[in-house]
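> Mind having a look at this structure? Questions to follow.
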Amino acid sequence: MSVSGFSIDWLSMREPADREARDQVLLQSARQWLQAAGAQPATVVDLGAGTGSTLRTFIGSHDAELHNYPPLHWRLVDQDAALLAEARRRHSLHTGLEVYELDLMRTETLPLADARLVTASALFDLVSAEFVQRLLDAMAEQSVSQKPALYAALNYDGSTDWTPVHPLDGAVLAAFNLDQQRDKGFGPALGPGATDYSLEQCERLGYEVYTASSPWQLDGKDSELVAALIDGIAQAVNGNPAIDAAALQDWLQFRHAHVATGSCRVGHTDLLALP
């Protein structure tokens, strides 16, 4: 699936799980970095912004809260016009909001000038090593005063644990992780290696880098999300020669039978890189 292929329904479905999963220490550190900019509104550039979930995480889900802490100017960047239109609709009262429909791979066009912080949520595991390198170069080149910080959250780490277990869980996970490295529109995806690679590149450029685990912890209350996750995984691994089609169908039926009573932990990692 390309980044522009995500639906409003899917993003809305996963947003509560994302918000609960984020590491609160790193999130608070990112907020403090913005607050240190002083009285002038700090500029945040959110890449792959979708409907604005990262914005809502930072400053509250209601327009009335948007100016509370700290004063921020948001630039939402995405390749999907429909998602950006939904973001603008949800935050129509926020005057410090700009949306940019851009090809993220054209890093030279990204609106990074004067940015205090660049954010991305559930994006870096979909992009390539080339994208990360080009983004970091663009951040250094287009910032007028100093390099912006980078907050890249909810990067899939390659782990998924189900309760109850099924004999095919390991094979499905291996096939899914292989699929995660396909080209998602940015070249060969980093997949589960996204955080390690990004950390290495940020440290090479002199950033102070912090990481923390941010797993989804899903159970019966998240049954709609879990059901969609099961279907997505099955679709991704279908056709893999290592997975027997009949066995995959049995796994799919078993997983759906336990959506309301079982649980699932999907591993993610958050990264914060400060100049």
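The values are calculated or read from the model by the stated rules, or taken from the named source; none is laboratory data. These numbers come from a predicted model, not from an experiment. Cβ sites come from the backbone with ideal geometry, for glycine too, and all protein chains shown count toward neighbours.
> Go through the stretch 3-19 and give me each residue that's at pLDDT 95 or above and either under 16 Å from residue 58 (Cα atoms) or not in a helix (DSSP H, G or I) (or both).
Of everything in the stretch 3-19, those that are at pLDDT 95 or above and either under 16 Å from residue 58 (Cα atoms) or not in a helix (DSSP H, G or I) (or both) turn out to be 15, 16, 17, 18, 19.
> Is it fair to say residue 93 is surrounded by 18 or more Cβ atoms within 10 Å (Cβ to Cβ), touching a residue at least 24 places away in the same chain (Cβ under 8 Å) and not β-branched (Val, Ile, Thr)? Quick ask: steps written out before the conclusion?
Values: surrounded by 18 or more Cβ atoms within 10 Å (Cβ to Cβ): no; touching a residue at least 24 places away in the same chain (Cβ under 8 Å): yes; not β-branched (Val, Ile, Thr): yes.
No, not satisfied.
> Still on this structure, I have one more. Please tell me if residue 185 is among the small types (Gly, Ala, Ser), on the phi > 0 side of the Ramachandran plot and more than 14 Å from the chain's Cα centre (by Cα). Break it down stepwise before answering.
Working: among the small types (Gly, Ala, Ser): yes; on the phi > 0 side of the Ramachandran plot: yes; more than 14 Å from the chain's Cα centre (by Cα): yes.
So residue 185 passes the test.
> Follow-up. I want to confirm something. Restricting to the stretch 20-51 and keeping residues that are assigned to a helix (DSSP H, G or I) and surrounded by fewer than 16 Cβ atoms within 10 Å (Cβ to Cβ), which single residue is modelled with the lowest pLDDT?
If we filter the stretch 20-51 for residues that are assigned to a helix (DSSP H, G or I), which is where we start, we get 20-21, 24-35.
Next cut, surrounded by fewer than 16 Cβ atoms within 10 Å (Cβ to Cβ) only: 20, 24-25, 28, 32, 35.
On the way: 20: 97, 24: 97, 25: 97, 28: 95, 32: 93, 35: 89.
Residue satisfying both the conditions and the ranking: 35.
> Which of the following residues is closer than 30 Å to residue 25 by Cα, buried (at least 20 other Cβ atoms within 10 Å of the Cβ) and not polar (S, T, N, Q): 248, 218?
Details: 248 fails: closer than 30 Å to residue 25 by Cα.
Of the residues listed, the single one that is closer than 30 Å to residue 25 by Cα, buried (at least 20 other Cβ atoms within 10 Å of the Cβ) and not polar (S, T, N, Q) is 218.
> Could you tell me which of the residues 190, 154, 150, 178 is under 19 Å from residue 103 (Cβ atoms) and in contact (Cβ under 8 Å) with a residue 24 or more places away in the chain?
Working: 154 fails: under 19 Å from residue 103 (Cβ atoms); 150 fails: under 19 Å from residue 103 (Cβ atoms); 178 fails: under 19 Å from residue 103 (Cβ atoms).
So the residue among 190, 154, 150, 178 that is under 19 Å from residue 103 (Cβ atoms) and in contact (Cβ under 8 Å) with a residue 24 or more places away in the chain is 190.
> Mind listing just one residue for me: the one in the stretch 163-213 that is hydroxyl-bearing (Ser, Thr, Tyr) and in contact with a strand residue (DSSP E or B) (Cβ under 7 Å, 6 or more places away or on another chain) and, of those, surrounded by the most Cβ atoms within 10 Å (Cβ to Cβ)?
Step one: list which residues in the stretch 163-213 are hydroxyl-bearing (Ser, Thr, Tyr), which gives 163, 195, 197-198, 207, 210-211, 213.
Imposing the further condition that a residue be in contact with a strand residue (DSSP E or B) (Cβ under 7 Å, 6 or more places away or on another chain) reduces the set to 163, 195, 198, 207, 210-211, 213.
Values: 163: 11, 195: 21, 198: 29, 207: 21, 210: 17, 211: 18, 213: 12.
Only one residue tops the list, namely 198.
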